[in-house]
Structure formats: C-alpha cells, structure tokens
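Step one of this worksheet: look at the structure below.
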Amino acid sequence: MTSQRLLEILKFLDTLDTQLNLQKTLESIKEALNELVDQPAQPQYQQALATALASFEAAATKLDLLITPSQFEEINDMGGIIFFDLAIAEKVRNSVEKNAMTPAVARDFVQDLATKRSSFLTTVRQARQSLEKLGIKASDLEPGSASLAFLIPWDIFDNHLATFAKELSFISRLMGHLSEGLTGQAEQVELEGLASSLPTVALAASVPLISVLATIVNKFLDAWTKIEKIRKMRAELSDMGLRKWLLTN
C-alpha cells in the first residue's frame, strides 16, 4: 500500500464513521446498559437501549454498501475489520439478548468493544494527521479514471534491478495492449505512486481499461480455483485407491 493510498483509506474510515455515527451510537448503547445495570426495572432505560440498538443496526447495514471489497481488504490489513464489519451489530444485539437478565455482562462486552473501537479510530485520525503534516496528499483522479496497484513480491525479481525493470515493462505492455484493444490506440497510463517496503506500483488509468483488467483477473482466478479443485480431487482419489490396494494386499 502506497502512502497516498494509506491516506485515502484513513480519510475514508474517519469520514465513514462520522457519516454513520457508528461510534457515537455504540457509546449510547453502552450508556443505556449502564443505566439498566443500576436501575433494571426502569422502562425509559429499556426504551433508550432499544432505540440505540436500532440506530446502530441501521447504520451497520450500510457498511456493505459503502465499503468496497478492496477497501475491506485494506481495513483488514490494518486490523480494523471487526470495527467496520456488518456482523458488529449482530454481535452487540446477541450480547444484549443473551444477557437480558444480567445486563452487566452485556455492558462489559459493549464497553470493551467501544473502548477498542475508539482506540482504533484515534489511531486512524492521528495517522491521517501525521501523513498530512508530512506533506502526503491523496491522489486526485480525473473524472472517468481510477487507480489500481500491482504488488510485485521480492522473490519474483530476487532483488535484481534488471529483473524488476522487466516486471514493470510487462505491466506497461499489458496496459498498452489492453487499451489499444479497447480504443484502437495505446493509452498513456500514469504512475500514481510507488511503495518500496513491499514493492507496489500504483497506476492511474481509465475506468474501462481497469474494468477489463479486473474481468481478466477474475476469470483467471476462477479458472485457477477450478484447476486446484481438480488437482485436489485427483489427489484424494489417488490416495483412496492406494489405501484400498494396501487393505486388499
């Protein structure tokens, strides 16, 4: 992940949480449970809990619509997937419902979740501010364009510059050939950023070009999955035949 892409995902998470009021609503659930622990028979606190739960669930259901699969991957790499997963609302409700007679247990669960989530969001905001202070800026894509990144593992080019250059040349030719097939002429693909810790090349190109590339990759992965299943099946059948032979001899 490039520094620009990291800044983008940090800004996205910060904005998304503010937009959906997820943390604020989670804190409301915690406060309602606190009140129920002290005064369990008070209907106004039960109603406050029900309202907060409904609001939290309504906000959490939008996560799948607002977060793309690639963003989920990036959030997962950052260790924050449990705080932005649709299942978070289900976990909170299950804790409340299973501990209806012992609200202190549900309170402790929600309090722990709210504390950890708040800590994660604080780290996100501090990291965003630090990157911005260092002069890192999120990429400014033109309308009709999108970005994608190629991760090139070290062992592919064995730390040799010439081999690494060949990988970059292949990517350049691939993008050029695909764009020429789409439009009749090779598109000028721009270098958006580089990351060296885990060699990653971020590029900016037209949406149709990236869409075609994504389709090709998906078809390749589907074919690869089928091949792996066939290999596994053949290995299992071979193993079963060997075992049968051993049992009969």
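Please treat every number below as a calculation from the coordinates, not as lab data. Computed from a prediction, not measured in an experiment: that's the story for all the values here. So basically every Cβ, Gly included, is an ideal-geometry build from the backbone, and we count neighbours across all protein chains shown.
Tell me what the chain gives for mean residue ellipticity at 222 nm when only DSSP H runs of n ≥ 4 count, each as -39,500 (n - 2.57), the sum divided by the residue total, rounded to 500 deg cm²/dmol. Please list the in-between numbers first.
Numbers: 10 runs with 178 residues, N = 249.
For the chain, the value works out to -24000 deg cm²/dmol.
Calculate how steeply helix 161-183 sits against the longest principal axis of the alpha-carbon atoms of the chain, using the helix alpha-carbon long axis, and give the answer as 0 to 90 degrees to the nearest 10.
It is inclined by approximately 90 degrees.
On a 0 to 90 degree scale, rounded to 10, what angle separates helix 103-133 from the longest Cα axis of the chain?
The answer is roughly 50 degrees.
Quick one: helix 3-20 against the long Cα principal axis of the chain, what's the angle to the nearest 10°, folded into 0 to 90?
Rounded to the nearest ten degrees, it is 30.
To the nearest 20 debye, what is the magnitude of the charge dipole of the chain about its Cα centre, counting +1 on the Cβ of each Lys and Arg and -1 on the Cβ of each Asp and Glu?
Values: 25 positive and 31 negative charges, 142 e Å.
Charge dipole, the chain, about its Cα centre: 680 debye, nearest 20.
Which ordering of K137, K62, K30 is given by a fewest-first count of other beta-carbon atoms within 10 Å? Intermediate values should be presented prior to the final figure.
Values: K137 11, K62 14, K30 22.
The order, fewest Cβ neighbours first, is K137, K62, K30.
Pick out, from Q4, M78, T225, the residue whose Cα sits farthest towards the positive end of the charge dipole of the chain, with +1 on the Cβ of Lys and Arg and -1 on the Cβ of Asp and Glu.
Farthest towards the positive end: T225.
For E167 and Q39, what does the FRET efficiency come to when R0 = 45 Å and r is the distance between their Cβ atoms, rounded to the nearest 0.05? Show your work: numbers first, answer last.
On the way: r = 66 Å, r/R0 = 1.46.
Once the sixth-power term is evaluated, E becomes 0.10.
Counting C-alpha atoms alone, how compact is the chain: give Rg to one decimal and Dmax as a whole number, in angstrom.
25.2, 77
Using a 10 Å cut-off on Cβ atoms, rank the peptides 223-229, 42-48 from the highest mean neighbour count down. Can you show the working numbers first?
Numbers: 223-229: 10.0, 42-48: 13.6.
Per-residue mean Cβ counts within 10 Å order the peptides as 42-48, 223-229.
Going Cα to Cα from K24, which lysines come in below 30 Å? Please leave out same-chain ones fewer than 8 positions away.
K24 reaches K11, K62, K91, K98, K116, K133, K137.
Please list log₁₀ I(q)/I(0) at q = 0.14, 0.16, 0.20, 0.24 Å⁻¹ for region 145-248, using the Debye equation with identical point scatterers on the alpha-carbon positions.
Rounded to two decimals, the profile gives -0.70, -0.82, -1.07, -1.25.
Using the beta-carbon distance between D155 and N99 and R0 = 51 Å, what value does 1/(1 + (r/R0)^6) give for FRET efficiency, to the nearest 0.05? Before the final figure, lay out each step's value.
Details: r = 50 Å, r/R0 = 0.97.
Calculated transfer efficiency: 0.55.
Kindly identify region 3-133 as rounded, prolate or oblate by the Cα gyration tensor criterion: order the square roots of the eigenvalues as a ≥ b ≥ c, call it rounded if a/c is under 1.5, otherwise compare a/b with b/c, prolate if a/b is larger, else oblate.
prolate
Which FRET efficiency value, to the nearest 0.05, do you get for K24 and K232 by plugging their Cβ-Cβ distance into 1/(1 + (r/R0)^6) with R0 = 51 Å? Please list the in-between numbers first.
Values: r = 48 Å, r/R0 = 0.94.
With R0 = 51 Å, the Cβ-Cβ based efficiency is 0.60.
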